[in-house]
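What follows is a short report on a single structure.
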Amino acid sequence: MDFYVAKDRDGIGFFKDKPDLVKFSSTDPIVWEGYPVDFGDFTQIRDLVTKQPSVSEMDEYDPPVHLHIDDITFNVL
């Protein structure tokens with residue numbers, strides 16, 4: 001699974017493609033815009049990603065980080 005993470009004034013966003021900065025008007029803040037990733041019920045993945053140093057240490061408007069998840073292990077309980 002490949003996706004991009006970017007941080008703006010609204011916080012951290014997850015995108016399927018490399019987002020572009022856009023501005024809708026002179027009164028709205030500049031935000032990253034792209035196709036969002038929907039983690040659905042797997043919010044734990046999103047939470048784990050936000051704890052990674054390359055993401056958690058991002059400043060607003062830093063270049064997006066490209067992430068790739070190779071393997072996720074599921075345990076049947």
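Kindly check whether there is at least one residue in the range 5-19 that is assigned to a loop (DSSP other than H, G, I, E, B) and at pLDDT below 85. No: the range 5-19 contains no residue that is assigned to a loop (DSSP other than H, G, I, E, B) and at pLDDT below 85. Each residue in the range 36-77 was checked for being within 16 Å of GLY13 (Cβ to Cβ), surrounded by fewer than 10 Cβ atoms within 10 Å (Cβ to Cβ) and of a type in the set (Phe, Trp, Tyr), and 0 of them qualify.
For the range 20-38, how many residues meet the condition of being within 20 Å of VAL49 (Cβ to Cβ) and part of a strand (DSSP E or B)?
So the count comes out to 4.
From the list PRO53, PRO64, the lone residue that is in contact (Cβ under 8 Å) with a residue 60 or more places away in the chain and not aliphatic (A, V, I, L, M) is PRO64.
Scanning the range 18-33 for residues that are surrounded by 11 or more Cβ atoms within 10 Å (Cβ to Cβ) and either within 14 Å of ASP2 (Cα to Cα) or of a type in the set (A, V, I, L, M, F, W, C) (or both) turns up LYS18, PRO19, LEU21, VAL22, ILE30, VAL31, TRP32. Only residues that are more than 20 Å from ASP70 (Cβ to Cβ) and of a type in the set (Phe, Trp, Tyr) were counted in the range 25-46, giving 2. Of VAL49, VAL22, all but one fail to be aliphatic (A, V, I, L, M) and over 17 Å from HIS66 (Cβ atoms); the exception is VAL22.
The values are calculated or read from the model by the stated rules, or taken from the named source; none is laboratory data. Nothing here was measured: the structure is a model prediction, and the numbers come from that model. Neighbour counts run over all protein chains shown; Cβ positions are idealised from the backbone, glycine included.
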